Amino acid sequence: MLSQNKIPQATAKRLPLYYRFLNNLHIQGKSRVSSKELSDAIKVDSATIRRDFSYFGALGKKGYGYNVEYLLGFFRKTLDQDENTPVALIGVGNLGTAFLNYNFTKNNNTKIEIAFDADADKVGKEIGDIQVHHINDLEKHLEHIEVAILTVPLSEAQNITDRLIQAGVNGILNFTPARITVPENVRVHHIDLAVELQSLAYFMKHYPLENSDE
Ligand code: ATP
């Protein structure tokens with residue numbers, strides 16, 4: 001990956017601007033863009049854009065422009081993917097243990113760094129290199145963590161969620177069946193595996209996919 005310090009600061013400052021615009025183009029299904037189009041849209045002269053983009057390794061072709069997908073891939077890496085996202089896991093039961101062992105090794109930017117449980121038999125253990133702490137010590141250890149995975153029993157979900165938010169967490173991957181309530185600035189992604197499986201079976205039964213060969 002191109003290191004940040006090879007990009008001039010003035011260019012780096014324009015990165016989020018480019019990123020936002022190109023992302024919108026991508027959402028609209030556009031696969032290429034000319035420096036003129038970019039220049040008109042974000043009010044940076046096209047010579048500057050061409051110079052900036054050459055630092056990104058993107059060479060525009062006459063009559064074709066720049067490849068939107070390539071640029072977006074580059075920007076994503078440079079803007080946020082360089083930063084590691086430390087994650088806390090709450091509830092080291094069957095599912096939580098599986099996550100600790102798996103630990104998202106294929107995506108090395110998001111990694112569970114710490115785990116918590118209420119069960120004295122689990123506290124102090126290391127699972128997949130991750131230390132399990134007592135849930136009573138949650139607030140002590142969450143200083144730099146903004147993302148949490150919730151794999152506690154349903155009855156504990158809201159109480160733990162409130163504590164996580166109080167401790168500064170603002171993103172929760174909720175694997176409990178509970179519909180947790182959070183303030184507006186907190187993002188929750190809910191994955192209820194039982195519901196997903198039931199829904200798959202239901203759709204297979206009631207809406208079977210056609211086999212195009214028949
Ligand atoms: P197991 O069979 O190991 O208990 P499970 O996934 O079937 O796993 P659950 O009852 O869903 O068990 O609990 C998941 C985990 O959450 C357990 O390890 C349990 O000790 C833990 N847990 C329960 N209450 C809390 C809490 N308040 N804070 C943190 N962890 C908790």
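Starting from the Cα-Cα distance between Leu154 and Ala12, subtract it from 0.36 nm times their residue separation and give me the gain in nm to one decimal.
Once the chain is fully extended between Leu154 and Ala12, it gains 46.6 nm.
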Original post:
Roughly to the nearest percent, how much of the accessible area of the chain is carbon and sulfur, given a 1.4 Å probe?
Top reply: 52
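Could you work out how much longer the chain between Ala194 and Lys140 gets when fully extended? Use 0.36 nm per residue separation minus the Cα distance between them, nm to one decimal. Mind showing how you got there, number by number?
Numbers: separation 54, 0.36 × 54 = 19.44 nm, distance 3.31 nm.
So the extension gain works out to 16.1 nm.
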Original post:
So what does log10 I(q)/I(0) come out to for segment 86-191 at q = 0.11, 0.14, 0.17, 0.21 Å⁻¹, using the Debye formula with one equal point on every Cα and no solvent?
Top reply: -0.28, -0.47, -0.71, -1.12
Original post:
What pairs from Lys13/Lys36; Lys13/Lys43; Lys30/Lys77; Lys13/Lys111 go past 24 Å between their alpha carbons?
Top reply: Lys13/Lys111
Subject >> Expected 222 nm ellipticity per residue - DSSP helices of 4 or more, -39500 (n - 2.57), all of the chain, to 500 >> reply: -11500 deg cm²/dmol
Original post:
Rounded to the nearest whole Å², what accessible area per residue is found for the chain with the 1.4 Å probe?
Top reply: 64
Subject >> Using distinct alpha-carbon pairs, which all enter the 1/r mean, Kirkwood radius of segment 20-161 in Å >> reply: 18.4
Original post:
Taking the chain as a Gaussian network, where each spring joins two C-alpha atoms under 10 Å apart, which residue of Ile180, Ile149, Ile42 fluctuates the most?
Top reply: Ile42
**OP:** Enumerate the whole-percent occupancy of each 10 Å bin, from 0 to the last occupied one, for all C-alpha pair distances of segment 4-79.
**Re:** 19, 63, 18, 0
Original post:
Out of segment 180-211, which GluC sites (Glu not before Pro) are coil in DSSP terms and have no more than 12 other C-beta atoms within 10 Å?
Top reply: Glu184, Glu210
**OP:** State the extension gain, in nm to one decimal, for the chain segment bounded by Ala47 and Leu59, taking 0.36 nm per residue of separation less the distance between their alpha-carbons.
**Re:** 3.0 nm
**OP:** Would you calculate the separation in nanometres between label points at Leu95 and Met204, each defined as 7 Å from the Cα along the Cα-to-beta-carbon direction?
**Re:** 2.0
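The values are calculated or read from the model by the stated rules, or taken from the named source; none is laboratory data. Because the structure is predicted, anything quoted here is derived from the model rather than measured. Using ideal geometry, Cβ is built from the backbone for each residue, glycine included, and neighbour counts are taken over all protein chains shown. Side chains are part of the model used for accessible areas, which takes the heavy atoms of the whole protein and leaves out ligands, DNA and RNA. Shrake-Rupley method; radii C 1.70, N 1.55, O 1.52, S 1.80 Å.
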